[in-house]
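Some notes on the structure that comes next.
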Amino acid sequence: MTKAIVCRDTGGPEVMKLEEVTVGDPGEGQIRLRQTVAGVNFIDTYHRSGLYAVPKPFTPGMEGVGVVEAVGAGVHGLKAGDRVCYGNGPLGGYAEARLIPAASVVKLPAELDDRQIGGAMLRGLTVWYLLRSLHQLKAGETVLFHAAAGGVGLIFCQWAKALGATVIGTVGSADKAALARAHGCEHVILYKEQDFVAEVKRLTGGAGVRVVYDGVGKDTFFKSLDCLGKRGLMVSFGNASGPSPAIEVGLLAPKGSLFVTRPTLNDYVGVRADMERACAEFFGMVTSGAVKLAVGQAFALADAARAHAALQARATTGSTILTI
């Protein structure tokens, strides 16, 4: 028997219970993974709350690091003892051990630490598609990133700076402002004290930004459109404050012939070749030192509910992990 967090219903953090579960032998194309770290992400709270519907009961968690214990039939290139990681699911990360498709994992370079990567894979892959695939961020471009001191934001700011772009970031406190600046955010806006639309216009001489990256959702969506320059791109990739509102497409023309997209990670790394390219580029940025990863908060597996409560209260910075 092994221990895992199980949700038998949806709701608040309290629905997550630590239970004993049975993990069998890996089937065709699977491996059995003994985990050391599981990452905690906003998408986990969407699954837990029911915002994103999944069959019940289920174990949350879309990313982790561990050691291969056994491989199933048809698995090539992996063996027991290999250290691997994953960042695009499937669900089941909040567990001591799990079965997972071999195609979902990649080998982890020896120079990368379990705790670093265990809480950064999903975020790193997200940043990769935001600035390397969905939009090829170029030197000289100026963009707005909401929640710049969050787990995705800190990676994004560093990577964007390495590409020669300028990031304007929004944060909720002076401490988070300092953190964002330390990670490459050129201009920081305290959204509780400043009108971020007015600040963006001031910082860009009225031109607006090329792209807005909005993982906040409901609270920022419409004002974010007003931060864009002509033919600007609005990337609504998260719902931290609630689902983004419906939009009348006719609104986009008078605001400057804008583009709006609602992407998902799987549509950018769901093909194995894309996943391998994304991981290679992400690992390269980390090993080169251009992107530095730090664990902001670590909780025991049994304290997953506390981790979710802290995340939803916006009381976290950087990555949040469960140590196993």
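Numbers below:
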item	result
Test result for GLU111, touching a helix residue (DSSP H, G or I) at 6+ places or on another chain (Cβ under 7 Å), of a type in the set (D, E, K, R) and surrounded by fewer than 18 Cβ atoms within 10 Å (Cβ to Cβ)	yes
Where VAL37 falls short, out of the listed (1) under 30 Å from THR316 (Cα atoms); (2) part of a helix (DSSP H, G or I); (3) in contact with a helix residue (DSSP H, G or I) (Cβ under 9 Å, 6 or more places away or on another chain)	(2)
Selection from region 281-291 of residues that are among the small types (Gly, Ala, Ser), outside any helix (DSSP H, G or I) and either at negative phi or touching a residue at least 12 places away in the same chain (Cβ under 8 Å) (or both)	ALA290
Close pairs from region 130-157: first under 17 Å from MET234 (Cβ atoms) and part of a strand (DSSP E or B), partner of a type in the set (Lys, Arg) and at pLDDT 95 or above, Cβ under 7 Å, at least 6 apart	THR142/ARG210; VAL143/ARG210
Filter pass, VAL67 being without any contact (Cβ under 8 Å) to a residue 60 or more places away in the chain and closer than 22 Å to VAL271 by Cα	no
Test: TYR129 is crowded, with 24+ Cβ neighbours inside 10 Å, within 30 Å of ASP175 (Cβ to Cβ), among the hydroxyl-bearing types (Ser, Thr, Tyr) and in contact with a helix residue (DSSP H, G or I) (Cβ under 9 Å, 6 or more places away or on another chain)	no
All strands (runs of 3 or more DSSP E) inside region 178-280 with 1 or more residues being without any contact (Cβ under 8 Å) to a residue 40 or more places away in the chain	187-190, 228-236, 259-261
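The values are calculated or read from the model by the stated rules, or taken from the named source; none is laboratory data. All values derive from a computational prediction rather than experimental measurement. Reconstructed Cβ throughout: ideal geometry from the backbone, glycine too, with neighbour counts over all protein chains shown.
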